[in-house]
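Novice: Structure in structure tokens, see below.
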Amino acid sequence: MFITFEGLDFSGKSTQVGLLADALSRSGAKTLVLRDPGGTAIGERIRAVLLDRELLDMSDFTELFLFSASRSQLVQEIIKPALHAGTIVVCDRFYDSTTAYQGWGRGLSLEAIKSINRVAADGLLPAITYFIDIPVSEIELRMKRQKAGADRMEMSGRAFYERAREGFLQLAKEEPRFEVIDGRMSIEEIRQKVWNRFEREMANQRKGV
Ligand code: ADP
């Protein structure tokens, strides 16, 4: 099974990816945790370019292709073989982030992005996509709390994040694989909601739904 987590930065994705992966491993399932961009030697280098604060003159299409290149490598080198071997793959971000950030956020053609996403993911479709939703004001609070310096993507500004959030919400409306979870709930409450949806999905798969 292929599971993805989406959300704005600081929404709590990696926290929940870790909790779900722990629960899956404890239940005896073969589990693999990945992040996109990254997850391969090539992808981690592309990730470093994408997040580099010194590369502010990157064009929007360069950004789109770099994210997609990293994803293609991840799918071919890691995700497809792992799924084939019966491993549950949990990925921190996947192509919905490209639709939300490069499409809605940067304003690139959603049609073009749909095709590029399909090619980069080689037709792969997540069984569940958790969208952990926080308002943009909450990002700012959490960033301050963590005293984190912004990376290149995080320097894109409030309006960019507002548009990206709209994009995620729109995708979630269109596709039933999405589970939207209010990211302002406690880590434990979110963990429970994540697990509930996972169990529902497992039950459906067993029934062949
Ligand atoms: P992301 O991977 O989406 O950037 P993280 O999981 O790294 O998010 O979490 C970002 C910050 O928010 C961390 O400091 C984390 O401890 C905190 N955090 C995560 N989940 C919650 C939550 N439900 N409520 C409040 N703070 C949270």
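The values are calculated or read from the model by the stated rules, or taken from the named source; none is laboratory data. These numbers were taken from a predicted model, which means no experiment stands behind them. Quick reminder, even Gly has a Cβ in these numbers, built from the backbone with ideal geometry, and neighbours come from all protein chains shown. Quick note on the areas: whole protein, heavy atoms, side chains included, nothing else; ligands and nucleic acids left out. Shrake-Rupley method; radii C 1.70, N 1.55, O 1.52, S 1.80 Å.
Novice: All but one of (1) assigned to a loop (DSSP other than H, G, I, E, B); (2) within 30 Å of Lys30 (Cα to Cα); (3) open to solvent by 40 Å² or more (accessible area, probe 1.4 Å) hold for Glu77; which doesn't?
Specialist: All conditions pass for Glu77, except number (1).
Novice: Looking at segment 5-55, which of the residues that are more than 15 Å from the ligand (Cβ to nearest atom) and of a type in the set (Asp, Glu) is nearest to Ser70 (Cα to Cα)?
Specialist: In this case the residue turns out to be Glu44.
Novice: Sticking with this one: Please pick out the residue among Glu175, Glu199, Glu162, Glu166 that is away from the ligand (no atom under 16 Å from the Cβ), in contact (Cβ under 8 Å) with a residue 60 or more places away in the chain and open to solvent by 50 Å² or more (accessible area, probe 1.4 Å).
Specialist: Answer to the selection: Glu166.
Novice: Here is a follow-up. Can you pull out every residue in segment 86-119 that is closer than 16 Å to Leu34 by Cα and either among the hydrophobic types (A, V, I, L, M, F, W, C) or open to solvent by less than 50 Å² (accessible area, probe 1.4 Å) (or both)?
Specialist: Across segment 86-119, the qualifying residues are Thr87, Ile88, Val89, Val90, Cys91, Asp92, Arg93, Phe94, Tyr95, Asp96, Ser97.
Novice: While we're here: Go through (1) within 13 Å of the ligand (Cβ to nearest atom); (2) open to solvent by less than 40 Å² (accessible area, probe 1.4 Å) one by one and return the number of the condition Ala82 breaks.
Specialist: The failed condition is (1).
Novice: While we're on this one: Please go through segment 3-25 and give me each residue that is open to solvent by 10 Å² or more (accessible area, probe 1.4 Å) and outside any helix (DSSP H, G or I), ordered by number.
Specialist: Asp9, Phe10, Gly12
Novice: In addition: What is the residue count in segment 137-153 for residues that are within 25 Å of Leu20 (Cβ to Cβ) and either touching a Lys or Arg at 6+ places or on another chain (Cβ under 9 Å) or free of Cβ contacts under 8 Å to residues at least 12 places away in the same chain (or both)?
Specialist: 6
Novice: Right, next: Looking only at segment 134-159, how many residues end up being within 11 Å of the ligand (Cβ to nearest atom) and under 21 Å from Phe178 (Cβ atoms)?
Specialist: Within segment 134-159, residues that are within 11 Å of the ligand (Cβ to nearest atom) and under 21 Å from Phe178 (Cβ atoms) number 3.
Novice: Are any of the residues in segment 134-150 out of contact with any Pro (no Cβ under 8 Å at 6 or more places or on another chain), of a type in the set (Val, Ile, Thr), in a helix (DSSP H, G or I) and crowded, with 22+ Cβ neighbours inside 10 Å?
Specialist: no
Novice: Working only within segment 86-106, note down all residues that are in contact with a strand residue (DSSP E or B) (Cβ under 9 Å, 6 or more places away or on another chain) and in a helix (DSSP H, G or I).
Specialist: Those that are in contact with a strand residue (DSSP E or B) (Cβ under 9 Å, 6 or more places away or on another chain) and in a helix (DSSP H, G or I): Tyr95, Asp96, Ser97, Ala100.
Novice: Taking the condition open to solvent by 60 Å² or more (accessible area, probe 1.4 Å), at negative phi, without any contact (Cβ under 8 Å) to a residue 40 or more places away in the chain and not basic (Lys, Arg), does Ser70 pass?
Specialist: no
Novice: Something else about it: Got at least one residue in segment 51-66 being at pLDDT 95 or above and over 20 Å from Phe160 (Cα atoms)?
Specialist: The answer is no, given that none of the residues of segment 51-66 is at pLDDT 95 or above and over 20 Å from Phe160 (Cα atoms).
Novice: Would you mention how many residues in segment 165-181 are in contact with a Ser or Thr (Cβ under 7 Å, 6 or more places away or on another chain) and either on the phi > 0 side of the Ramachandran plot or not in a strand (DSSP E or B) (or both)?
Specialist: 3
Novice: Let me ask you something else. Here are the criteria: (1) within 18 Å of Arg152 (Cα to Cα); (2) in a helix (DSSP H, G or I); (3) of a type in the set (A, V, I, L, M). Tell me which single one Leu83 does not satisfy.
Specialist: Leu83 satisfies all of (1) within 18 Å of Arg152 (Cα to Cα); (2) in a helix (DSSP H, G or I); (3) of a type in the set (A, V, I, L, M) except (1).
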